Amino acid sequence: MRPQPAQRRVTRTMPLPLGHTAIGLALYEGATNRSAFEDWKTPLAAAVLANLPDIDVFLGLLWAWNGSAFHRGPTHSLLFALGAAFLYARAAHRWRGLPRIGCGAAFLLVASHVAADAALSSSGVSWFWPLATFFSQGSTGWGEVTRMALKSSPLDGVLAFAAALFLALRRGLLLWRTARVPAATRNERRR
């Protein structure tokens, strides 16, 4: 009998704040046909919304001294994305200082975080909380959480590059479309 090869467990790294922000900004521009960079407040609000589900890490640190205590639970669900989007849209309507990001776009920003975590990492998310709940495993203290938040992974670099490429191609296509002059208009100019 031959010995069986050791099973390698494939682990995927999760996107960190830079990756979630890049995905969110690209989604925002693609879905709204508005520049995410029209002022300094819009990309900041988009970044906050795209990273909002990870508030559970901060809550876990405060409550249990463990950033993984509640991670990937209720804040990584469609219900949370809907609630956060509704609250942001209401707040932006009430306070003029917040950028006008509609409820649908805010939902996309928050839900993009959950989708990225589900697709790009090895642990599950609680899409349908409270019907199904998953929590990440392990223990992470303040130091480890701070290092992870400030240090980007190679995946974040790839996501940021892909988002920048998407935005550049999209803007180039829009510019090309608006710069084209219909043939009838060109003929009238020659006369």
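Quick look at the values:
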item: Residue match in the stretch 132-141 (condition: modelled with pLDDT of 75 or more and part of a helix (DSSP H, G or I)); result: no
item: Any hit, the stretch 22-43, residues being in contact with a Gly (Cβ under 9 Å, 6 or more places away or on another chain), surrounded by fewer than 21 Cβ atoms within 10 Å (Cβ to Cβ) and charged (D, E, K, R); result: yes
item: Unique residue being of a type in the set (A, V, I, L, M, F, W, C), assigned to a helix (DSSP H, G or I) and modelled with pLDDT of 75 or more when the list is Ala160, Ala149, Ala184; result: Ala160
item: Hits in the stretch 14-62 - residues which are over 17 Å from Ala119 (Cβ atoms) and of a type in the set (Ser, Thr, Tyr); result: Tyr28, Thr32, Ser35, Thr42
item: Condition check for Leu174: over 19 Å from the mean Cα position of the chain (by Cα), of a type in the set (A, V, I, L, M), modelled with pLDDT of 85 or more and over 26 Å from Arg90 (Cβ atoms); result: no
item: The stretch 109-131, residues that are out of contact with any Phe, Trp or Tyr (no Cβ under 6 Å at 6 or more places or on another chain), in a loop (DSSP other than H, G, I, E, B) and not hydrophobic (A, V, I, L, M, F, W, C); result: Ser121, Ser122, Ser123, Pro130
item: Subset of the stretch 53-69 (residues that are of a type outside the set (Asp, Glu), under 22 Å from Phe86 (Cβ atoms) and crowded, with 22+ Cβ neighbours inside 10 Å); result: Pro53
item: Total residues in the stretch 61-89, condition more than 24 Å from Ala105 (Cα to Cα) and free of Cβ contacts under 8 Å to residues at least 24 places away in the same chain; result: 3
item: Count - residues of the stretch 116-132 that are closer than 23 Å to Leu87 by Cα and surrounded by fewer than 17 Cβ atoms within 10 Å (Cβ to Cβ); result: 3
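The values are calculated or read from the model by the stated rules, or taken from the named source; none is laboratory data. Keep in mind that this is a model prediction, so the values were computed, not measured. Glycine also receives a Cβ, built like all others from the backbone with ideal geometry; neighbour counts cover every protein chain displayed.
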